[in-house]
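Worksheet: one structure, shown below.
All of the numbers you see were taken from the coordinates with simple rules; none came from a lab. Model, not experiment: these values are computed from the prediction. Note that each Cβ is placed from the backbone with ideal geometry, even for glycine, and that neighbours are counted across all protein chains shown.
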Amino acid sequence: MTDPAADPVLQAFEARLAKGEKAEPKDRLPERYRRQLVRMMSQHAHSEIVGMLPEANWITRAPSLRRKIGLLAKVQDEAGHGLYLYSAAETLGVPRDELIDQLLTGKAKYSNIFNYPTLTWADIGMIGWLVDGAAIINQSMLAKCSYGPYVRAMIRICKEESFHMRQGYEMVTALARGTPAQQAMAQEALNRWWPPTLMMFGPPEEQSTNSEELVRWKVKLKSNDELRQTFVDQTVVQAQVLGLRIPDPDLRYDEDTKHWTIGPIDWQEFFAVIGGNGPCNRDRLRARREAHEDGAWVRAAAAAHAAKNPQVNA
Amino acid sequence: MPDGASQLTTPADFAFAGYLARLADSHLVLGHRLSEWCGHGPVLEEDLALTNLALDCLGHATVLLRLLGQADGTGRDEDQLAYFREAVEFRNVLLVEQPNGDFARTIARVFLFAAYALPLYEQLQRSTDAALAAAATKFHPELRYHLRHAARWMLILGDGTDESHRRLQEAIDAWWPYTGELFALWPDDPALIERGLIPHPDRVRAAWEATITEVLGQARLARPVAGMHMLLGGPIGRHTETLGYLLAEMQIVARSFPGASW
Ligand SMILES: [Fe+2]
Ligand SMILES: [Fe+2]
């Protein structure tokens with residue numbers, strides 16, 4: 001670890017953070033900090049974009065026009081989030097093309113949760129309720145982090161994620177209060193989505209490599225387990241209201257800590273999925289690559305047209 | 001309760017209902033096709049834009065289907081109409097039900113349809129049916145955006161590279177036989193025109209022709225030869241085979257859960 005006293009850039013940077021100031025693109029930033037933030041923001045952007053796929057999978061089958069419109073608008077919001085986040089990452093000097101290339105070549109990661117399939121309509125409700133719900137908890141923390149452009153993107157995005165979560169919960173509510181077949185569909189979907197949603201917060205810190213530095217630089221303000229606990233406490237109560245059963249035989253309320261405790265998480269599965277071996281890793285990357293390759297001639301046409309008509313872009 | 005359902009029914013006006021179905025189903029099916037692009041666009045900004053178009057079309061369809069459920073005297077709501085009719089009961093024009101094809105086809109279809117819908121809804125604002133006139137007034141600015149967006153891409157693709165020019169010309173040629181249907185006069189139409197409910201298609205066609213001539217010219221695209229055989233049938237329920245597959249996908253969940261609300 002570099003000694004801050006020996007590095008004037010690092011020293012000035014850490015002094016600013018200590019005063020509670022945000023880092024901005026024009027500042028001289030330590031190279032490690034810059035790299036960590038590009039990695040995090042681009043992963044986050046990729047997650048928004050890849051995350052469109054499992055939900056878009058049900059747009060054409062949504063069971064009512066109101067749901068079809070709601071889902072389309074939600075997936076469109078995620079594309080918008082991807083755009084803000086790529087722009088925020090670009091403030092650190094890495095162009096969007098390069099970041100997308102890292103995704104398509106498998107060098108960059110995205111959230112593991114999107115490597116699970118959407119098998120029924122209820123999965124769309126579960127994603128809104130659970131996945132957007134978990135994302136908000138993580139993003140509310142990031143909205144207080146030390147990098148200004150990331151903070152601003154997160155504040156804007158969190159508002160929309162809250163709407164997504166309410167919409168998802170409302171969709172699940174309609175199922176839970178619906179016909180027996182709808183109720184069964186909701187429970188079955190919860191059974192599948194609960195374990196991977198818990199994994200979204202990442203393994204406990206002792207198993208995570210990047211954490212110490214991120215805490216010191218105020219990028220990570222809470223531990224993975226703390227964030228996960230917030231999610232569990234909030235979601236267990238919501239499931240009870242709906243009359244759905246959380247699929248965890250070890251789940252119990254701890255009177256001493258006033259928190260819900262959960263059974264063990266299968267981190268082996270988590271690492272297998274991160275390693276490319278989840279149920280949908282190959283499908284997701286193939287879909288992104290196909291869209292990119294099929295769109296190449298369109299982007300080439302737009303670039304050629306812009307080059308021939310410079311006044312239009314002036 | 002499904003929202004939008006109304007138990008109040010007025011005497012059925014089957015001719016007008018048939019016309020409303022032509023409009024409503026065309027927006028519904030085009031919106032469905034455009035929604036297939038979501039998550040797969042050629043560039044993120046265009047993914048957002050195509051989704052905007054899809055959202056507008058589905059919004060238009062919702063409004064028009066509600067009017068249809070009133071006009072046909074059944075009181076059916078938009079979901080009963082969208083999800084529980086068979087392909088032969090759909091009245092959309094054939095142009096919109098065809099598979100998307102590549103981005104050039106998709107854009108060319110939006111262009112051809114919006115160039116027709118914009119003057120159509122301009123005139124429908126003066127329909128003697130107050131509800132349809134109000135809907136037309138609401139849709140009109142959105143359709144103007146559709147036309148502007150599609151026309152901009154027509155120029156970009158027409159002018160961009162040899163490949164984009166070729167693809168766009170192929171798209172226009174492929175869609176052309178479906179354009180005659182936009183202006184066909186069906187047996188029930190003269191009476192509706194007489195009642196001031198709908199405009200004469202020739203008046204819409206004149207504006208469409210002007211837009212097409214201008215944009216094809218700017219994009220340096222050849223207009224397909226005159227006198228080409230035109231395919232007709234959508235507005236009387238004589239569809240192409242692809243509509244059955246589209247509806248099978250669209251209606252599967254709604255039909256798999258009898259009695260469900262969503
Ligand atoms: Fe998002
Ligand atoms: Fe979201």
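Within region A:133-185, which residues are charged (D, E, K, R) and more than 19 Å from A:T120 (Cα to Cα)? Steps first, answer last, please.
Restricting attention to region A:133-185, the residues satisfying the condition of being charged (D, E, K, R) are A:144, A:152, A:156, A:159-161, A:166, A:170, A:177.
Hits for region A:133-185 are A:K144, A:R152, A:R156, A:K159, A:E160, A:E161, A:R166.
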Notebook entry, point to check: Of the residues in region B:108-139, how many are outside any helix (DSSP H, G or I) and more than 19 Å from B:L182 (Cβ to Cβ)?
Noted result: 3
Next item on the list: Could you tell me whether any residue of region A:131-144 is within 14 Å of another protein chain (Cβ to nearest Cβ), within 10 Å of ligand 2 (Cβ to nearest atom) and either within 11 Å of the chain's Cα centre (by Cα) or more than 15 Å from A:G82 (Cα to Cα) (or both)?
Entry: no
Margin query: So B:G160 ticks every box in (1) within 14 Å of chain A (Cβ to nearest Cβ); (2) surrounded by 19 or more Cβ atoms within 10 Å (Cβ to Cβ); (3) within 23 Å of B:F90 (Cβ to Cβ) but one. Which box is left unticked?
Written below: (3)
Note to self: Among (1) at positive phi; (2) crowded, with 19+ Cβ neighbours inside 10 Å, there is one condition A:G106 misses while meeting the rest; what is its number?
What the structure shows: (2)
Notebook entry, point to check: Any idea which of (1) of a type outside the set (S, T, N, Q); (2) at positive phi; (3) crowded, with 18+ Cβ neighbours inside 10 Å is the one A:K258 doesn't satisfy?
Noted result: (3)
Checklist line | Residues that are touching a residue at least 12 places away in the same chain (Cβ under 8 Å), farther than 10 Å from A:G295 by Cβ and within 7 Å of another protein chain (Cβ to nearest Cβ), drawn from region B:34-54 | finding: B:S35, B:E36, B:C38, B:T51, B:A54
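Of the residues B:A254, B:A222, B:A207, which is in contact (Cβ under 8 Å) with a residue 24 or more places away in the chain, away from every other protein chain (no Cβ under 14 Å) and in contact with a Pro (Cβ under 9 Å, 6 or more places away or on another chain)?
Values: B:A254 fails: away from every other protein chain (no Cβ under 14 Å); B:A222 fails: in contact with a Pro (Cβ under 9 Å, 6 or more places away or on another chain).
So the residue among B:A254, B:A222, B:A207 that is in contact (Cβ under 8 Å) with a residue 24 or more places away in the chain, away from every other protein chain (no Cβ under 14 Å) and in contact with a Pro (Cβ under 9 Å, 6 or more places away or on another chain) is B:A207.
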Note to self: Looking only at region A:71-94, filter to residues that are within 11 Å of chain B (Cβ to nearest Cβ) and small (G, A, S); which one of those is farthest from ligand 1 (Cβ to nearest atom)?
What the structure shows: A:S87
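Looking at region A:171-193, can you tell me whether even one residue there is at negative phi, within 16 Å of ligand 1 (Cβ to nearest atom) and more than 14 Å from every other protein chain (Cβ to nearest Cβ)?
Looking only at region A:171-193, we keep the residues that are at negative phi, and these are A:171-193.
Keeping just the survivors that are within 16 Å of ligand 1 (Cβ to nearest atom) gives none.
Within region A:171-193 (the criterion being at negative phi, within 16 Å of ligand 1 (Cβ to nearest atom) and more than 14 Å from every other protein chain (Cβ to nearest Cβ)), the answer is no, since none of the residues qualifies.
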Check: Looking only at region B:34-83, which residues are within 30 Å of A:I100 (Cα to Cα) and among the hydrophobic types (A, V, I, L, M, F, W, C)?
Finding: B:L34, B:W37, B:C38, B:V43, B:L44, B:L48, B:A49, B:L50, B:L53, B:A54, B:L55
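Would you call A:G295 more than 14 Å from chain B (Cβ to nearest Cβ) and free of Cβ contacts under 8 Å to residues at least 40 places away in the same chain?
Working: more than 14 Å from chain B (Cβ to nearest Cβ): no; free of Cβ contacts under 8 Å to residues at least 40 places away in the same chain: yes.
The answer is no for A:G295.
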Margin query: Can you tell me which residue is nearest to ligand 2 (Cβ to nearest atom) among those in region A:50-95 that are in contact (Cβ under 8 Å) with a residue 60 or more places away in the chain and in a loop (DSSP other than H, G, I, E, B)?
Written below: A:G51
Notebook entry, point to check: Does A:T118 satisfy being within 16 Å of ligand 2 (Cβ to nearest atom), among the hydroxyl-bearing types (S, T, Y), touching a residue at least 24 places away in the same chain (Cβ under 8 Å) and within 14 Å of another protein chain (Cβ to nearest Cβ)?
Noted result: yes
Note to self: For region A:141-167, which positions are within 13 Å of ligand 1 (Cβ to nearest atom) and hydroxyl-bearing (S, T, Y)?
What the structure shows: A:S162
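Quick grid of which residues meet (1) surrounded by fewer than 24 Cβ atoms within 10 Å (Cβ to Cβ); (2) within 14 Å of chain A (Cβ to nearest Cβ); (3) over 17 Å from B:L23 (Cα atoms); (4) out of contact with any Gly (no Cβ under 6 Å at 6 or more places or on another chain):
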position: B:D102; (1), (2), (3), (4): yes, yes, yes, yes
position: B:R109; (1), (2), (3), (4): no, no, no, yes
position: B:F113; (1), (2), (3), (4): no, no, no, yes
position: B:A134; (1), (2), (3), (4): yes, no, no, yes
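Go through A:L198, A:L175 for me and flag whichever is away from ligand 2 (no atom under 16 Å from the Cβ) and without any contact (Cβ under 8 Å) to a residue 60 or more places away in the chain.
Values: A:L198 fails: without any contact (Cβ under 8 Å) to a residue 60 or more places away in the chain.
After applying the criteria, what remains is A:L175.
Regarding region A:103-111, can at least one residue be identified that is in a helix (DSSP H, G or I), aromatic (F, W, Y) and either within 16 Å of ligand 2 (Cβ to nearest atom) or within 18 Å of the chain's Cα centre (by Cα) (or both)? If you could, list the steps in order and put the result at the bottom.
So in region A:103-111, the residues in a helix (DSSP H, G or I) come out as A:103-104.
Now narrow it down to the ones that are aromatic (F, W, Y): none.
No, because not a single residue in region A:103-111 is in a helix (DSSP H, G or I), aromatic (F, W, Y) and either within 16 Å of ligand 2 (Cβ to nearest atom) or within 18 Å of the chain's Cα centre (by Cα) (or both).
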Next item on the list: Would you please list the contacts, defined by Cβ atoms under 8 Å and residues six or more apart or on different chains, that run from a residue in region A:130-142 that is assigned to a helix (DSSP H, G or I) to a residue that is basic (K, R)?
Entry: A:M141/A:K220; A:M141/A:K222
